[in-house]
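Reading through the structure tokens given below for one structure.
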Amino acid sequence: MNTTLTHSRRQALKSASHWYAVLSSDQVSPLQTEKWQRWYDQHQDHQWAWQQVENLRNQMLVVPGNVASHTLQETYLSRRRVMKGILLLLGGGSGWQLWCSEMGESLRADYHTAKGDIQHHRLSDDTLLTLNTDSAVDVHFTPQQRLVHLWYGEIVITTGHDTEAKRLRVQTRHAQLTALGTQFTVRQEANTTLLSVQQHAVEVILTDADRKCIVRQGESLSFSATDFGELTAATAEDNTWTQGILSFSDKPLNEVIATLARYRSGILRCDPAVASLRLSGTFPMKNTDTILTVIEKTLPVKIQYITRFWVNVLPVEKSLT
């Protein structure tokens with residue numbers, strides 16, 4: 001990424017920081033959201049600037065990954081961190097150098113995807129690397145190592161030519177993963193990394209603790225930089241997205257909506273009154289609006305489009321008031 005901002009992009013970032021503060025407020029109105037959408041649609045630099053805000057927010061988000069909705073409802077602390085990141089980006093010079101740590105590296109990554117995008121890459125050792133929506137990785141292959149650095153998002157790796165002397169490794173914020181001849185899925189969230197192994201095994205070494213374990217075929221594990229969660233059984237849903245499909249088996253609606261939010265821009269909210277409704281089904285993920293329509297026809301909910309970029313999932317009775 002070019003560290004020199006054009007005047008247009010600098011102004012767009014200032015506007016994006018304003019709109020981020022507005023949309024993060026508990027008092028945001030439909031009129032304000034409509035104004036934001038008009039601003040967003042006005043110019044490609046506005047869309048670029050908003051993507052920078054989303055990238056910052058993804059890196060600094062401090063709420064758990066299983067909250068009812070993936071929206072701009074972070075804690076006050078995380079909002080301040082996002083605003084600080086924008087200011088550093090605008091500041092240039094030493095401010096830019098400070099900002100160009102993990103955040104800057106992710107924006108300049110070797111491979112990255114926008115929301116709703118999925119990419120497949122064949123690496124030089126014949127490893128297949130698949131990036132899910134809104135993800136970024138760097139690939140470091142040298143005579144001494146094969147390393148994939150996951151900055152944010154989710155990937156599936158099917159290893160290519162492997163030797164014990166140069167195992168393929170994946171680095172996340174929380175651990176280093178060593179492939180033991182395998183296929184596996186890695187998803188990095190704010191506070192944890194989720195690992196699911198489809199073939200063979202993966203060794204996990206935590207970043208901030210002298211602890212490691214091996215996760216085998218058919219197992220999933222969540223872990224932070226200091227602690228392991230419980231081993232659970234991997235499910236077929238873990239990587240159906242690689243085939244352009246989202247699959248849910250008796251999932252709470254809030255988890256379904258949180259998943260859909262990863263594949264669409266803007267705000268997607270699930271009312272707590274319908275969060276515990278269950279949904280099963282397999283859906284093409286190319287058009288999330290179609291999935292929302294199916295949900296509305298299947299469950300006692302109403303899909304409320306305030307704008308194209310702000311959608312609420314409400315109980316039917318609430319939508320009538």
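Having 2 or more residues that are in contact with a helix residue (DSSP H, G or I) (Cβ under 6 Å, 6 or more places away or on another chain) is the bar; report the strands (runs of 3 or more DSSP E) wholly within the stretch 129-204 that clear it. Talk me through it step by step, then tell me what you get.
Numbers: elements: 136-141, 146-158, 168-171, 175-179, 183-188, 193-199.
So the answer is 146-158.
Just to be sure I understand the filter: pairs with C-beta atoms under 8 Å, separated by 6 or more residues or on different chains, first member in the stretch 183-198 and at positive phi, second member surrounded by 22 or more Cβ atoms within 10 Å (Cβ to Cβ). Which pairs pass?
Filtered contacts from the stretch 183-198: no entries.
Condition check: outside the structural domain of THR192 (by TED's automatic domain parsing), surrounded by 18 or more Cβ atoms within 10 Å (Cβ to Cβ) and at pLDDT below 60. Does MET60 satisfy that? Quick ask: steps written out before the conclusion?
Working: outside the structural domain of THR192 (by TED's automatic domain parsing): yes; surrounded by 18 or more Cβ atoms within 10 Å (Cβ to Cβ): yes; at pLDDT below 60: yes.
Answer is yes for this residue.
Of all residues being modelled with pLDDT of 95 or more and hydrophobic (A, V, I, L, M, F, W, C) in the stretch 295-310, which is surrounded by the most Cβ atoms within 10 Å (Cβ to Cβ)? Just the residue, please.
Top of the filtered list is VAL301.
Search the stretch 274-300 for residues that are assigned by TED's automatic domain parsing to the domain that holds THR133 and closer than 22 Å to THR133 by Cα and pair each with any residue that is of a type in the set (A, V, I, L, M, F, W, C) and exposed (fewer than 12 other Cβ atoms within 10 Å of the Cβ) when their beta-carbon atoms are under 9 Å apart and the residues are at least 6 apart or on different chains.
Pairs that qualify, where the first residue is assigned by TED's automatic domain parsing to the domain that holds THR133 and closer than 22 Å to THR133 by Cα and the partner is of a type in the set (A, V, I, L, M, F, W, C) and exposed (fewer than 12 other Cβ atoms within 10 Å of the Cβ): there are none.
Quick one: would you say ASN239 is touching a Cys at 6+ places or on another chain (Cβ under 6 Å) and either assigned by TED's automatic domain parsing to the domain that holds SER135 or not in a strand (DSSP E or B) (or both)?
Numbers: touching a Cys at 6+ places or on another chain (Cβ under 6 Å): no; either assigned by TED's automatic domain parsing to the domain that holds SER135 or not in a strand (DSSP E or B) (or both): yes.
Here the answer is no, as ASN239 does not meet what is asked.
Would a scan of the stretch 225-233 turn up a residue that is in the same structural domain as THR158 (by TED's automatic domain parsing), at pLDDT 95 or above, closer than 22 Å to LEU129 by Cβ and surrounded by 15 or more Cβ atoms within 10 Å (Cβ to Cβ)?
Scanning the stretch 225-233 turns up no residue that is in the same structural domain as THR158 (by TED's automatic domain parsing), at pLDDT 95 or above, closer than 22 Å to LEU129 by Cβ and surrounded by 15 or more Cβ atoms within 10 Å (Cβ to Cβ).
Out of the stretch 16-43, which residues are farther than 23 Å from VAL311 by Cβ and polar (S, T, N, Q)? Write out each step before concluding.
Within the stretch 16-43, the subset farther than 23 Å from VAL311 by Cβ is 17, 43.
Matches in the stretch 16-43: SER17 only.
The values are calculated or read from the model by the stated rules, or taken from the named source; none is laboratory data. Being a predicted model, the structure only gives us computed values, none of them experimental. Virtual Cβ from ideal backbone geometry, glycine too; neighbours counted across all protein chains shown.
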